[in-house]
1. Name the residue, out of Asp89, Asp115, Asp80, Asp84, that is more than 14 Å from Lys55 (Cα to Cα) and either in the same structural domain as Leu50 (by TED's automatic domain parsing) or of a type outside the set (Ser, Thr, Tyr) (or both).
2. Are any residues in the stretch 102-161 charged (D, E, K, R) and in contact (Cβ under 8 Å) with a residue 24 or more places away in the chain, and if so, which ones?
3. Is it true that Asp70 is in a helix (DSSP H, G or I), closer than 23 Å to Ala47 by Cα and free of Cβ contacts under 8 Å to residues at least 60 places away in the same chain?
4. Filter the stretch 112-125 for residues that are surrounded by 10 or more Cβ atoms within 10 Å (Cβ to Cβ) and at pLDDT below 90; which is nearest to Trp67 (Cα to Cα)?
5. I need a count of the residues in the stretch 85-110 that are over 12 Å from Phe63 (Cβ atoms), of a type in the set (Asp, Glu) and surrounded by 12 or more Cβ atoms within 10 Å (Cβ to Cβ).
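The values are calculated or read from the model by the stated rules, or taken from the named source; none is laboratory data. Everything numeric in this text was worked out from a predicted model, so none of it was measured. For neighbour counting, all protein chains shown are included, and Cβ atoms are generated from backbone atoms with ideal geometry for every residue, glycine included.
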Amino acid sequence: MKVQSLLKASFLVILIAATAAIAQKPPQRPKVHSDFAFATSPVSREAINLMAKEKNRFMVVAFHEGWDFDKIAKELKISDDEVDKLFSDLDAEHLVVQNQDSDPRPNFPVYRDKDLERVRPTLQKHSSEFAAILKANWSSIETFATSLNGAKGIPKEQLLY
């Protein structure tokens, strides 16, 4: 009986001590990296810096065309080690990947100017049609948006803009 009450008392003391120790720790603030900015990430800024270099852009287009490392080295007149380093930098930023057959491919679509010129009229037509649909249905879109729970208390001028 005494042992049982002694165990209960020691458990209670340990529990109180642990609670006090946990309660005294200051809350941890989230760690923010030095170049933190809303709507951007260091990866995207680093990728933009990489793509600003002519050799990196050339490599991405060459991979899009199906070239191998040797052909790129020959065309750029650089060593195989430098081609590997350029590929490693692009791969680290997820701009290029190697597929199952170890063929390097860009990790994003690559468009030529003539491709864009070919689809520009269609894009313009679809943009105009979409704008007309929005304009014709704007009152019902506003009505729907104001009926949502999150819209309560937000001025109408700020709700959709």
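1. On the way: Asp89 fails: more than 14 Å from Lys55 (Cα to Cα); Asp80 fails: more than 14 Å from Lys55 (Cα to Cα); Asp84 fails: more than 14 Å from Lys55 (Cα to Cα).
Being more than 14 Å from Lys55 (Cα to Cα) and either in the same structural domain as Leu50 (by TED's automatic domain parsing) or of a type outside the set (Ser, Thr, Tyr) (or both) holds for just one of Asp89, Asp115, Asp80, Asp84, which is Asp115.
2. Just the residues of the stretch 102-161 that are charged (D, E, K, R), to begin with: 103, 105, 112-115, 117-118, 120, 125, 129, 135, 142, 152, 156-157.
Asp103, Arg105, listed by residue number.
3. Numbers: in a helix (DSSP H, G or I): yes; closer than 23 Å to Ala47 by Cα: no; free of Cβ contacts under 8 Å to residues at least 60 places away in the same chain: yes.
Criteria not met by Asp70.
4. Just the residues of the stretch 112-125 that are surrounded by 10 or more Cβ atoms within 10 Å (Cβ to Cβ), to begin with: 112, 115-116, 118-120, 123-125.
Then drop every residue that is not at pLDDT below 90, which leaves 112, 115-116.
Values: Arg112: 17, Asp115: 20, Leu116: 23 Å.
Here the residue is Arg112.
5. Total satisfying the criteria: 2.
Matching residues to (1) in contact with a helix residue (DSSP H, G or I) (Cβ under 8 Å, 6 or more places away or on another chain); (2) more than 22 Å from Glu46 (Cβ to Cβ):
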{"residue": "Ala92", "(1), (2)": "no, no"}
{"residue": "Pro104", "(1), (2)": "yes, no"}
{"residue": "Pro109", "(1), (2)": "no, no"}
{"residue": "Arg112", "(1), (2)": "no, yes"}
{"residue": "Leu116", "(1), (2)": "no, yes"}
{"residue": "Lys125", "(1), (2)": "no, yes"}
{"residue": "Ser140", "(1), (2)": "no, yes"}
{"residue": "Phe144", "(1), (2)": "no, yes"}
